[in-house]
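Novice: Can you read through this structure? Questions will come right after.
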Amino acid sequence: MTSPRADMVAQAADLIARKGVAGTSIGDVLTAAGASRGSVYHHFPGGRAEILAEAVLYGADRIDDGLAQAARSSPVYLVADIAAMWRRMLTDTEFAAGSPVAAAATARETDPAIADIAERQFVRWEEGLAASLRSRGLDGDRALSLAVTVLAAIEGAVVLCRAHRSLTPLENVVREIGPLLSSAG
């Protein structure tokens with residue numbers, strides 16, 4: 001059984017992935033978690049900003065696990081593994097949820113601190129994927145460029161999958177990025 005605090009964070013991450021940062025209210029989090037209003041300020045003295053920040057980090061951690069596992073694979077399998085993780089997430093939510101980190105990145109105007117968390121997370125993912133590619137013989141600049149390309153392609157595909165309610169955009173990205181990575185190494 002999870003704690004009420006952990007449940008509120010998980011529910012907030014899911015809401016951000018579905019509705020974005022601006023569309024996620026404390027009331028929505030409370031309803032989804034079955035928690036009382038007082039519990040928010042008991043567990044999150046910083047209020048909405050604190051719970052949303054933790055939710056983005058929680059969502060990023062879930063993706064981190066998939067990326068860390070994928071980074072141990074060859075570059076082609078890395079893309080296939082990341083795509084498999086997104087296939088599951090998209091189909092499990094019937095295309096309703098995307099990346100909470102991508103959603104947070106678009107909140108610069110309304111929630112700059114949340115967008116900063118997303119920026120740091122994307123940089124961390126870029127650097128992690130680049131390190132994996134460098135360990136397979138790619139030079140530093142090329143490895144970072146390909147890491148950014150992979151993340152941008154996957155994140156963009158997730159958005160398109162949600163829009164089309166289809167996995168086709170993700171399948172297209174996998175088909176195109178795999179050979180690009182194979183030829184780069």
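Novice: Can you work out which of the residues in region 117-161 that are closer than 26 Å to Ala107 by Cβ and acidic (Asp, Glu) is modelled with the highest pLDDT?
Specialist: Filtering region 117-161 for residues closer than 26 Å to Ala107 by Cβ gives 117-130, 144, 147-161.
Restricting the remaining residues to those that are acidic (Asp, Glu) gives 119, 126-127, 155.
Working: Glu119: 97, Glu126: 90, Glu127: 89, Glu155: 94.
Among those that are closer than 26 Å to Ala107 by Cβ and acidic (Asp, Glu), it is Glu119.
Novice: Looking at region 1-55, which of its residues are in contact with a His (Cβ under 7 Å, 6 or more places away or on another chain) and within 21 Å of Arg162 (Cα to Cα)? Outline the logic, then answer.
Specialist: Initial filter on region 1-55 (in contact with a His (Cβ under 7 Å, 6 or more places away or on another chain)): 4-5, 8.
Within region 1-55, none qualify.
Novice: So which pairs qualify, if the first residue must be in region 91-109 and under 14 Å from Leu167 (Cβ atoms), the second must be among the small types (Gly, Ala, Ser) and surrounded by fewer than 21 Cβ atoms within 10 Å (Cβ to Cβ), the Cβ gap must be under 9 Å, and the two must be at least 6 apart or on different chains?
Specialist: Phe95/Ala163; Phe95/Ser166
Novice: Has region 81-88 got at least one residue that is under 17 Å from the mean Cα position of the chain (by Cα), open to solvent by 60 Å² or more (accessible area, probe 1.4 Å) and at pLDDT 90 or above? Please lay out each step first, then the result.
Specialist: We begin by selecting, within region 81-88, every residue under 17 Å from the mean Cα position of the chain (by Cα); these are 81-88.
Now restrict to residues that are open to solvent by 60 Å² or more (accessible area, probe 1.4 Å): 81, 87-88.
Pick out the ones that are also at pLDDT 90 or above and you get 87-88.
Yes, there is a match, as at least one residue in region 81-88 is under 17 Å from the mean Cα position of the chain (by Cα), open to solvent by 60 Å² or more (accessible area, probe 1.4 Å) and at pLDDT 90 or above.
Novice: Given the conditions (1) open to solvent by 20 Å² or more (accessible area, probe 1.4 Å); (2) in contact with a Lys or Arg (Cβ under 8 Å, 6 or more places away or on another chain), report the number of the one that Thr168 does not fulfil.
Specialist: (2)
Novice: Moving on to the next point. Are any of the residues in region 108-125 open to solvent by less than 70 Å² (accessible area, probe 1.4 Å) and either under 17 Å from Ala83 (Cβ atoms) or basic (Lys, Arg) (or both)? Break it down into steps so the answer makes sense when it comes.
Specialist: Start the filter on region 108-125 by keeping residues that are open to solvent by less than 70 Å² (accessible area, probe 1.4 Å), which leaves 111-118, 121-123, 125.
From the residues that got through so far, the ones that are either under 17 Å from Ala83 (Cβ atoms) or basic (Lys, Arg) (or both) too are 125.
Scanning region 108-125 turns up at least one residue that is open to solvent by less than 70 Å² (accessible area, probe 1.4 Å) and either under 17 Å from Ala83 (Cβ atoms) or basic (Lys, Arg) (or both).
Novice: Can you report the number of residues in region 1-55 which are of a type in the set (Asp, Glu) and within 18 Å of the chain's Cα centre (by Cα)?
Specialist: Going through region 1-55, the residues of a type in the set (Asp, Glu) turn out to be 7, 14, 28, 50, 54.
Imposing the further condition that a residue be within 18 Å of the chain's Cα centre (by Cα) reduces the set to 14, 54.
Within region 1-55, residues that are of a type in the set (Asp, Glu) and within 18 Å of the chain's Cα centre (by Cα) number 2.
Novice: Among Ala49, Ala130, Ala97, Ala118, which is under 19 Å from Leu170 (Cα atoms) and of a type outside the set (S, T, N, Q)?
Specialist: Working: Ala49 fails: under 19 Å from Leu170 (Cα atoms); Ala130 fails: under 19 Å from Leu170 (Cα atoms); Ala118 fails: under 19 Å from Leu170 (Cα atoms).
Checking each option against the conditions leaves just Ala97.
Novice: Of (1) under 30 Å from Leu180 (Cα atoms); (2) of a type outside the set (Val, Ile, Thr); (3) in contact (Cβ under 8 Å) with a residue 24 or more places away in the chain; (4) open to solvent by less than 20 Å² (accessible area, probe 1.4 Å), Ser74 satisfies all except one. Which?
Specialist: Condition not satisfied by Ser74: (4).
Novice: So which of Ala96, Ala102 ends up being surrounded by 15 or more Cβ atoms within 10 Å (Cβ to Cβ), under 19 Å from the mean Cα position of the chain (by Cα) and closer than 17 Å to Gly59 by Cβ?
Specialist: Values: Ala96 fails: surrounded by 15 or more Cβ atoms within 10 Å (Cβ to Cβ).
One residue alone meets the criteria, Ala102.
Novice: Can you tell me which residues in region 110-123 are under 16 Å from Asp65 (Cα atoms) and either in contact (Cβ under 8 Å) with a residue 60 or more places away in the chain or of a type in the set (Ser, Thr, Tyr) (or both)?
Specialist: Hit for region 110-123 is Gln121, nothing else.
Novice: In addition: Go through region 1-51 and give me each residue that's touching a residue at least 60 places away in the same chain (Cβ under 8 Å) and open to solvent by less than 30 Å² (accessible area, probe 1.4 Å).
Specialist: Ala13, Ile16, Ala17, Gly20, Val21
The values are calculated or read from the model by the stated rules, or taken from the named source; none is laboratory data. Being a predicted model, the structure only gives us computed values, none of them experimental. As a convention, Cβ positions derive from the backbone with ideal geometry for all residues, glycine included, and neighbour counts pool all protein chains shown. These accessible areas exclude ligands, DNA and RNA; they are computed on the full protein's heavy atoms, side chains included. Shrake-Rupley method; radii C 1.70, N 1.55, O 1.52, S 1.80 Å.
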